[in-house]
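Readers should treat all values here as calculations from the given coordinates under stated rules, not as data from a laboratory. Values in this document were obtained by computation on a predicted structure and should not be read as measured data. FYI the Cβ positions are ideal-geometry reconstructions off the backbone, even for glycines, and counts take in every protein chain you see.
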Amino acid sequence: MPLFVMCIFVLCLFWFALINLGKLVKDRMMMQNAADNAAVSVAVMRARGLNAMGAINAYLGLPGVALGGNVPADISHVIIPCSNHGGLVSICNCQAKKAETMIRGLVRLQEHMNMTYGGGTTQLVAEKVARNQEFDFQGNPSGADGILVDPGAFSLHLNRNMGEIWYWGTMWLNIPFCGPELFLLPPQVKGILVNKKDGKRWLEQRSDFHKQRIKIIAYKNAGSDSNKGYPFAGKLLGLGNKWFDTRAIAAAAAYNTKGAMFPTSGDGNYPAAALIKYFEACTGGWEAHLVPSTPETRH
Amino acid sequence: MNKIKKESGQAVLETFVVLIVLIPAIFAVIQLSIIAFGAIAAYDAAQSANRSAIIQSNDNFAKQNAALSGIYVMSTQISGANNIIPGTVDTCTVIPAGKQMTDHEGNSIYAYDVTQNYLQKIMFSSLVNPLPGSQYFSGGINVMSCSANSRMVRSPDPTYRTKAYSNANPW
């Protein structure tokens, strides 16, 4: 009988050790997947944001109907003539108002997209992906406890170009026997003048725009709910009640094989820069992939 | 008196019979535990090796780094255990799901298939299988050739693993 008990005891020790080792290695593999998937999710969100905002930027870079007619560089001219409203002299800025409304709307749309894709929503997605990497038998997430990133890591590294915007007004002279004549009126006469402080124009690269890589550390602490009960038979194995913290690192980046898609602040001195930069890069488009987290580790 | 005499060897006999069954069973369980541990460590090593391979800029670097990562992880996992011997790491390029696929730019999508080989020492192999010649548990050879496999799609564009676009500074 004592021999039997001793044999069973040794046998159980092996099983317990195997259960603990299995859990440890499984967690390590799961955490690496959590970090990889969270990093790729962030890079995909970033790529989507840049592609969508790039297309809007292209419109904002159109000369004449949008802000790309910037001559001199710090004044954008929007020239959409109003239709002839009749009478001897027809002075109007209704098209200027419409253009201003639309351009303001597009700028606001870009700002909201920037907040969504370059901030909180992306962080929530990354955290959720890492947490939902695994589920326990009750259906609760038992993946990573959370993620760690550098401050400002989710930013899309874009700035708003500011400058005066002149929405030109229109004057029609309907002189009998001579036919209607169109004259454009500067906003100082009729139209809308937006000063430089409020004149939000296209998006351009910030100085750190090239830093499109995001590093994510997924962590699972020893005291995590999903670690409850581990180490299995810890006292018997001499491990005590302390389980292990698990960390995994991964990096992913957005990349575009054709170019940056957004002008630099220097490019913005030239008319239609935002439009040209978009068409240079739109065939490639922003994409996402895993990259080495540091050159040294090559991991 | 006669009755006692007749039962005098019964306990020894019963113990002997039980031990004949129990001891091999215990060693079999221990052996299976060690094999399972080896397999777990090897799968971890294969995954780490593959994870390292998919972000390298070319196939040669992928093979080199996969080999280093695999051996490193395997060695650290089994440190102290001399019944698992890390072997080679084989890395080859495969087409995922057996179907040639391309991304939107027309580049082929490849995966790396990484195999972590290792040798598993077997206790009392001649007892488990006394017949020589079979691949596993062969009577005269007390090692088992094992492997663990991992497959991942590699990052698509090596040019852009250190920068975001063509004329960009590195990260």
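The table that follows gives values for the structure above.
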| item | result |
| --- | --- |
| Kyte-Doolittle at least 0.5, axis length at least 30 Å by Cα - qualifying DSSP helices, chain A | A:2-60 |
| Crossing angle, helix B:10-53 versus chain B [Cα axis fit, 0-90 degrees, rounded to tens] | 0 |
| Potential lengthening between B:F16 and B:D157 on full extension [0.36 nm per residue; Cα-Cα distance subtracted] | 44.0 nm |
| Charge context of B:T102, other residues only, Cβ under 15 angstrom, K/R +1, D/E -1 | -2 |
| Euclidean distance between Cα centres, segment A:215-291 to segment B:142-167, Å | 17 |
| Disulfide-incompatible cysteines by the Cβ rule (no partner under 4.7 Å) in the protein assembly as shown | A:C7, A:C12, A:C94, A:C178, A:C282, B:C92, B:C146 |
| Cα centroid separation, segment A:159-194 to segment A:15-65 (Å) | 48 |
| Residues with amide H under 5 Å from that of A:D145, placed H, sequence gap 5 or more | A:Y219, A:K220, A:N221 |
| D (Stokes-Einstein, µm²/s), Kirkwood Cα radius, chain A, 1.002 mPa s at 20 °C | 92 |
| For segment A:97-142, the spread of Cα positions along each principal axis, largest first, Å | 60, 16, 9 |
| Inter-label distance for A:S83 and B:A25, nm, one decimal - labels placed 7 Å from Cα along Cα-to-Cβ | 9.5 |
| Cβ-based net charge around B:Y118, under 15 Å, with every Lys or Arg adding one and every Asp or Glu removing one | -1 |
| Relative contact order for chain A, counting Cα pairs under 8 Å that sit 6 or more residues apart, in percent | 26 |
| Difference of contour (0.36 nm per residue) and Cα-Cα distance, A:K197 to A:S265 | 22.8 nm |
| For residues of B:37-48, the mean tally of beta carbons on other chains within 10 Å | 3 |
| If the convex hull is drawn through the Cα atoms of chain B, its volume per residue in Å³ | 172 |
| Restraint check, A:K235/B:K121; A:K200/A:K277; A:K128/A:K220; A:K128/A:K200; A:K258/B:K63; A:K211/A:K258, Cα-Cα greater than 24 Å | A:K235/B:K121; A:K128/A:K200; A:K258/B:K63 |
| Within 10 Å of each Cβ in B:55-65, the average number of Cβ atoms from other chains | 2 |
| Under-5 Å amide H pairs with B:S166, H placed in peptide plane, nonlocal only | A:G259 |
| Distant-in-sequence amide H partners of A:V291 (H built 1.01 Å from N, under 5 Å) | A:A251, A:A252, A:A253 |
| Under 16 Å from the Cα of A:K242 - aspartates and glutamates, other chains or at least 8 residues apart | A:D27, A:D225 |
| Note, ³J(HN,Hα) from phi for segment B:86-92, Karplus 6.51, -1.76, 1.60, rounded to Hz, x at Gly and Pro | x, x, 6, 10, 9, 10, 9 |
| 0 to 90° range, to nearest 10: angle between helix B:59-77 axis and chain B longest Cα axis | 30 |
| Percent RCO, i.e. relative contact order, over segment B:9-159, from Cα pairs under 8 Å lying at least 6 residues apart | 24 |
| Anchor A:K190: lysines whose Cα lies under 17 Å away (excluding residues fewer than 8 positions away in-chain) | A:K97, A:K98 |
| At R0 = 60 Å, FRET efficiency that the Cβ-Cβ distance of A:D225 and A:V71 yields, to 0.05 | 0.45 |
| Sum of side-chain charges, A:G268 neighbourhood, beta-carbon under 14 Å (Lys, Arg +1; Asp, Glu -1) | +2 |
| Chain lengthening between A:T101 and A:F4 when straightened (0.36 nm per residue, less Cα-Cα) | 26.3 nm |
| Other protein chain Cβ atoms within 10 Å, averaged over every residue that makes up A:251-260 | 5 |
